[in-house]
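Written out below as structure tokens is the structure these notes cover.
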Amino acid sequence: MNTSALVIMLSTITLVTGLMVYFFYRVVTAKPKSEPDSYADNDDEVHRQETNL
Amino acid sequence: MSANKESWGSRVGLILAMAGNAVGLGNFLRFPVQAVQNGGGAFIIPYLVCFLVMGIPLLWIEWSMGRFGGKFGHHSTPFIVDTMHKNRLWKYIGVFGIWTNIAVASYYCYLESWTLSYMLHSVVGTFKGLDQEGVAAFFNSYISIGKSTLGIPLEPVVFYIFCLLLNTYILSRGLSGGVERVAKVGMPLLIVFGIFLAYKGVTIKAGVDGAINDSAVGLNFLWTPNYEQLWSPSVWLAAAGQIFFTLSVGMGTIHCYASYVRSKDDIALNAMSAGWMNEFVEVVLGAAILIPISIGYLGVDRVTDLVQLGGLGLAFKTLPYLFFQWGDVMGAVAGMMWFGLLFFAGITSSLAMGTPWMGFMQDEFNWSRKSSAWSFGLIVFLLGMPTVLFFKYGVFDEYDYWAGTVSLVVFALFESILFAWVFGMKKGWREITSGSDIKVPGIYKFIIKFVTPLLLLWVFIGSLITPKNGDWGAAISGNWVLDDSSIIKKVMNSSLKKQLAAATDPIEIAQLQDTLFYVNASRILLIAVFLGIALLVYVAYKKRVREEKI
């Protein structure tokens, strides 16, 4: 392969594969969220169709 | 009380399902063709830029809209968008998020059935001993619903119905019991098959098994950067378009899947993970299969001609012949893996297309999961049979153009404006970052508000008034002649009418006249389906008002 094609191909493959693996790794190692309790559930109450603040 | 009690079984299952929704035939057939036609290796630059400023923002917008609407028990876009602003018309924009999926599924399932059929044909050796013309002729006969070597009458129809039944059955098993299970099996298999074929694609040696070029020739063709092309607006438009279609944004499926995410759970990291998984399949695997293998056996000039007709032709008319140059066993294995990979890519997408209709019917009319699934299957069958029976009269292409191309851009444009400007970035940002497992860069507030909508507007206007031969320079300097591929010219059937005017053979004239009829009939049918769904949304709205839910 010519040099410029090889450089672009390898850098793209490395970048994309690396980011895919990184984000998937972050997903599988993320701590599961605790079940919402009645206090936490009252936070950030959102209303349907509330007017733009 | 809604009959809809669906939920995701696991976070990984959700990511794989979302990635499956995005990964489709286009990852393997559209991207490589777009790249070679738009600057080769240099295409990656506008492609990745558009991913960062349009793809990722749209993913975050759709995931967060979905989760937001899901808090109020809405699992399809009409009422999801209705939750975001009090103007009653927004829910009719949301109709796109159901209509697009039904219309696309009706022809996409036909494509999917081809991959299933070709898997079987690869295994039983149908393509063994055929030359390239023979393989192409097989395909032409197949879509003409001629009798195949399997001896099954109406084989394409049989496989299409089987494919629909399979989709419907899996959908009737629900989200975690059906869709997620298929994603957990199909996506890893797709990646394994893809890695195998990519390995074969990059290790071709000239002179071995009939190859005329090393893999390096095809890889050079695909990756050598032509930086001059970066100055062409058409290349940037092509990149934006490819990012758009590859992520399956603007369809309503992401909103639907995300609506089943719990309100406190992350969406930002999930969206990134699914998005980059799609990019891996497209840029790493997809780029290593179709073009290197084709050029390895056919040469650059021949493949340059073939890609003008798109990737489907190469996939079905050329690759089966090329695989059998590797011997009978490896040819069958490679064919089975190639069409198997395309099948998994297809079914994970078509299953996603079923969920918005199902969500809507369960939420609004308390239909059971089974009834919702089977009604989807029936509607898709009725809408899809014209694409099967009248394929050569352009019905398939017509559905693909309006539902699979134009409507995505229109809906994405509306939703980006709704999210950033109507709902507002203050609330929008809160929704994206709520429960987030990653730090979302603050610059995205600016990108989502200004860059993404403007880019989408440019994509839409660029498609509406595409200048002849994509020559934007000539157009801006005063000579703006519309290309036949522009939306305006498509509405006017300009290309067909030109062909009709130029035709002299009576058989060709009759074919073109029939095509014009079927094209117009397809449009009327699609509009009727849209209005029908809008009517259902209206009935559902009135029902909610009566029941004081709104």
Inset, instruction - Compare B:388, B:49 by solvent-accessible area with a 1.4 Å probe and give them largest first, with all protein chains kept in place. - result: B:49, B:388
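Please give the contour-minus-distance gain from residue B:262 to residue B:130: 0.36 nm per residue of separation, less the Cα-Cα distance, rounded to one decimal in nm. Don't skip to the end; give the middle numbers.
On the way: separation 132, 0.36 × 132 = 47.52 nm, distance 5.35 nm.
Gain on stretching residue B:262 to residue B:130: 42.2 nm.
According to the Cα gyration tensor, what semi-axes, each the square root of 5 times an eigenvalue, does the equivalent ellipsoid of segment B:93-207 have, listed from largest to smallest in whole Å?
Values: eigenvalues 170, 98, 42 Å².
The three semi-axes for segment B:93-207 are 29, 22, 14 Å.
Please find the FRET efficiency linking residue B:209 to residue B:189, where r is the Cβ-Cβ separation and R0 is fixed at 25 Å, and quote it to the nearest 0.05. Working shown, then result.
Numbers: r = 26 Å, r/R0 = 1.02.
So, using R0 = 25 Å, E works out to roughly 0.45.
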Legend entry - Taking all pairs of distinct alpha-carbon atoms in segment B:249-350, Kirkwood radius in angstrom: 16.2 Å
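Per-residue ellipticity at 222 nm for chain B, helices alone: DSSP H runs ≥ 4 residues times -39500 (n - 2.57), over residue total, nearest 500 deg cm²/dmol? Write down the numbers at each step before the final one.
Numbers: 29 runs with 365 residues, N = 550.
When only DSSP H runs of four or more count, the value is -21000 deg cm²/dmol.
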Legend entry - Unsatisfied cross-links (Cα-Cα over 21 Å) in the set B:449/B:549; B:71/B:184; B:71/B:426; B:91/B:264; B:449/B:490: B:449/B:549; B:71/B:184; B:91/B:264; B:449/B:490
Inset, instruction - Provide the gained length on full extension for the span residue B:37 to residue B:87, in nm with one decimal, where the gain is 0.36 nm per separating residue minus the Cα-Cα distance. - result: 13.7 nm
Inset, instruction - Excluding residues fewer than 8 places away in the same chain, name every one of the lysines whose C-alpha is closer than 19 Å to that of residue B:497. - result: B:392, B:468, B:489
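Show me the trypsin sites (Lys or Arg not before Pro) within segment B:261-305 that DSSP assigns to loop and that have at most 15 other Cβ atoms within 10 Å of their Cβ. Don't jump to the answer; show the numbers that get you there.
Working: sites: B:262, B:264, B:302; in loops: B:262, B:264.
When the trypsin sites (Lys or Arg not before Pro) of segment B:261-305 are filtered for loop state and at most 15 Cβ neighbours within 10 Å, B:262 remain.
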Inset, instruction - Mind pulling the angle between the C-alpha long axis of helix B:96-124 and the longest principal axis of chain B? Nearest 10 degrees, somewhere in 0 to 90. - result: 30 degrees
Inset, instruction - Would you please classify the overall shape of segment B:332-433 from the alpha carbon gyration tensor, given that a ≥ b ≥ c denote the square roots of the eigenvalues, rounded means a/c under 1.5, and beyond that prolate means a/b larger than b/c while oblate covers the rest? - result: prolate
Inset, instruction - At a 1.4 Å probe radius, which order do B:382, B:309, B:120, B:319 fall into by accessible area, largest first? - result: B:309, B:382, B:120, B:319
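Assuming R0 = 41 Å, what is the FRET efficiency of residue B:548 and residue B:370, from their Cβ-Cβ distance, to the nearest 0.05?
Details: r = 29 Å, r/R0 = 0.71.
In this case the efficiency is close to 0.90.
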Legend entry - Efficiency of FRET from Cβ geometry, residue A:4 and residue B:484, R₀ 41 Å, rounded to 0.05: 0.70
Inset, instruction - Give the dimensionless ratio obtained when the Cα radius of gyration of chain B is divided by 2.2 N^0.38 Å. - result: 0.95
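Using only the Cα atoms, work out Rg/Rh for the protein assembly as shown, with Rh taken as the Kirkwood radius, to two decimals.
Details: Rg = 23.7 Å, Rh = 24.8 Å.
Radius of gyration relative to Kirkwood radius: 0.96.
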Legend entry - With DNA, RNA and ligands ignored, accessible area of residue B:44 (1.4 Å probe; Å², nearest 10): 10 Å²
Legend entry - Spin-label model distance (nm) - residue B:231 vs residue B:301, 7 Å beyond Cα toward Cβ: 3.0 nm
Legend entry - Helix B:155-172 axis, angle to chain B major axis (alpha carbon atoms, nearest 10°): 30 degrees
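What fraction, in whole percent, of alpha-carbon pairs in segment B:450-489 exceed 16 Å separation? List each step's numbers first, then the result.
Numbers: 289 of 780 pairs.
Percentage above 16 Å: 37.
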Legend entry - segment B:448-534 - Rg (one decimal) and Dmax (whole number), Cα, Å: 17.2, 55
Legend entry - Nearest-10 value in Å² for the accessible area of residue B:317, using the 1.4 Å probe: 60 Å²
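Quick one: ranking B:192, B:329 by accessible area, 1.4 Å probe, largest first, what do you get? Intermediate values should be presented prior to the final figure.
Numbers: B:192 85, B:329 115 Å².
Accessible-area ranking of B:192, B:329, largest first: B:329, B:192.
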Inset, instruction - Express in Å², to the nearest 10, the accessible area of residue B:330 obtained by rolling a 1.4 Å probe over the protein heavy atoms while all chains stay in place. - result: 60 Å²
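The values are calculated or read from the model by the stated rules, or taken from the named source; none is laboratory data. Computed from a predicted structure; not experimentally measured. A quick note on method: Cβ atoms are made from the backbone with ideal geometry, for glycine too, and the neighbour counts reach across all protein chains shown. Note: areas computed on protein heavy atoms with side chains; ligands, DNA, RNA excluded. Shrake-Rupley method; radii C 1.70, N 1.55, O 1.52, S 1.80 Å.
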